[in-house]
Amino acid sequence: MPFDPTLLAQARHVVVFTGAGVSAESGIATFRDKLTGLWARFDPAQLASAEGFRADPALVWGWYQMRRAGIAKAEPNAGHLAIAALAAQVPKLTLVTQNVDDLHERAGSRAVLHLHGRLNAFRCLDCARPADEPVALPEDAVHGRRIEPPRCACCAGPLRPGVVWFGEMLPEAVLEQAFAAARQCDVLLSVGTSGLVQPAASIPRMALAAGATVVHVNPQPVPCEHPRAFMLPGKAGEVLPQLLRQAFA
Ligand code: OAD
């Protein structure tokens, strides 16, 4: 049975749970897509761990500045815009993202729960103090080059990007809010995620277990064995605007 869009129109609380796929149509690489995914081309142990950063801070800092520069040049796509528009159509919407970019905010979404941190937030690797001043983005960072990280104003330790690296805990308060929303919502839209990284990946299952309807938006098939789990195959920038048109016509 296909998903009935009136369930979305009647929902009191909608959770939208996004992954890298929602930003793909803005030209931002996902992590696990074959050939184009970041982890097909780069080593996560070297670039997404505190050990890798300590081993070669300039390599890792330069890589994150390259990603930051790519995102600064990108624009929110029709998927981000549809999610922001959906918030105005339902009594309550909680947006939970695994993404470290700011494209949801730039599309107009507010109070976004960033489970894996944000690329534009920086703190000291040694004393964890947030950066006092905005961190300038060198013009040529987009090409990817070694850049020495700025130093902490307090202890002179290297600044690190405010993203969650492998082996690190997710921000506890953010995770709790996301779990609470998953348990309380009527409909959860899971958009553009492979669902492979825990604990974020448990959010759609948590919503299902609490009685919600879960809709996966993805060009790749997602297993939907549960009677309240549905698949809307396709790109977020195409499927989400169409879903809104059907639900709120
Ligand atoms: P992945 O790269 O694992 O998965 C991206 C998903 O998006 C795949 O299922 C694609 O099929 C789908 N996709 C691609 N293009 C799409 C489009 N236009 N519309 C909708 N879906 C599309 O990315 P995530 O699931 O977000 O963690 O990865 C989870 C975490 O793994 C990331 O947050 C990151 C990474 O290691 C940290 O940085 C901690």
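The values are calculated or read from the model by the stated rules, or taken from the named source; none is laboratory data. Model, not experiment: these values are computed from the prediction. Cβ coordinates were reconstructed from backbone atoms using ideal geometry, including for glycine residues, and neighbour counts include every protein chain displayed. Quick note on the areas: whole protein, heavy atoms, side chains included, nothing else; ligands and nucleic acids left out. Shrake-Rupley method; radii C 1.70, N 1.55, O 1.52, S 1.80 Å.
Descriptive notes on the structure:
- Selection from segment 35-74 of residues that are of a type in the set (S, T, N, Q) and over 13 Å from Ile147 (Cα atoms): Thr36, Gln46, Ser49
- Those helices (runs of 4 or more DSSP H) lying entirely in segment 43-136 with at least 1 residues closer than 25 Å to Ser190 by Cβ and over 16 Å from the mean Cα position of the chain (by Cα): 44-47, 78-87
- Test result for Leu159, assigned to a strand (DSSP E or B) and open to solvent by less than 50 Å² (accessible area, probe 1.4 Å): yes
- Among the residues of segment 230-249, those that are open to solvent by 30 Å² or more (accessible area, probe 1.4 Å) and in a loop (DSSP other than H, G, I, E, B) comprise Lys235, Phe248, Ala249.
- Of everything listed in (1) among the small types (Gly, Ala, Ser); (2) in contact (Cβ under 8 Å) with a residue 24 or more places away in the chain; (3) closer than 30 Å to Thr6 by Cβ, the single unmet condition for Gly62 is (3).
- Any hit, segment 133-152, residues being crowded, with 18+ Cβ neighbours inside 10 Å and over 17 Å from Leu59 (Cβ atoms): yes
- Selected residue (only one of Glu139, Glu51 is outside the structural domain of Lys235 (by TED's automatic domain parsing) and touching a helix residue (DSSP H, G or I) at 6+ places or on another chain (Cβ under 8 Å)): Glu51
- Exactly one residue among Pro149, Pro138 is in contact with a strand residue (DSSP E or B) (Cβ under 7 Å, 6 or more places away or on another chain) and more than 30 Å from Ala201 (Cβ to Cβ), and that residue is Pro149.
- Applying a threshold of 6 Å to beta carbon distances and a minimum spacing of six or more residues, or different chains, the list of pairs starting in segment 235-248 at a residue that is more than 15 Å from the ligand (Cβ to nearest atom) and ending at one that is not in a helix (DSSP H, G or I) reads Gln246/Pro5; Ala247/Pro5; Phe248/Gln89.
- Residue in segment 31-54 that is within 15 Å of the ligand (Cβ to nearest atom), closer than 21 Å to Ile203 by Cα and surrounded by fewer than 22 Cβ atoms within 10 Å (Cβ to Cβ) present: yes
- Among the residues of segment 91-112, those that are open to solvent by 10 Å² or more (accessible area, probe 1.4 Å), of a type outside the set (S, T, N, Q) and away from the ligand (no atom under 13 Å from the Cβ) comprise Pro91, Lys92, Leu93, Asp102, Glu105, Arg106, Ala107, Gly108, Arg110, Ala111, Val112.
Here's the yes/no breakdown for (1) free of Cβ contacts under 8 Å to residues at least 40 places away in the same chain; (2) outside any loop (DSSP other than H, G, I, E, B):
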| residue | (1), (2) |
| --- | --- |
| Pro2 | no, no |
| Leu7 | no, yes |
| Val16 | no, yes |
| Val22 | no, yes |
| Ser26 | no, no |
| Thr30 | no, no |
| Lys34 | yes, no |
| Ala40 | yes, yes |
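- Among residues of segment 4-20 being of a type outside the set (A, V, I, L, M) and open to solvent by less than 20 Å² (accessible area, probe 1.4 Å), the one that is farthest from the ligand (Cβ to nearest atom) is His13.
- Taken together, Pro204, Pro227 contain a single residue that is open to solvent by 40 Å² or more (accessible area, probe 1.4 Å) and either in contact with a Lys or Arg (Cβ under 7 Å, 6 or more places away or on another chain) or more than 7 Å from the ligand (Cβ to nearest atom) (or both), which is Pro227.
- Subset of segment 176-194 (residues that are open to solvent by 30 Å² or more (accessible area, probe 1.4 Å) and in contact (Cβ under 8 Å) with a residue 40 or more places away in the chain): Gln177, Gln184, Asp186, Ser194
- Every pair of residues 6+ apart whose Cβ atoms lie under 6 Å, when the first sits in segment 200-225 and is among the polar types (S, T, N, Q) while the second is assigned to a strand (DSSP E or B): Thr213/Val187
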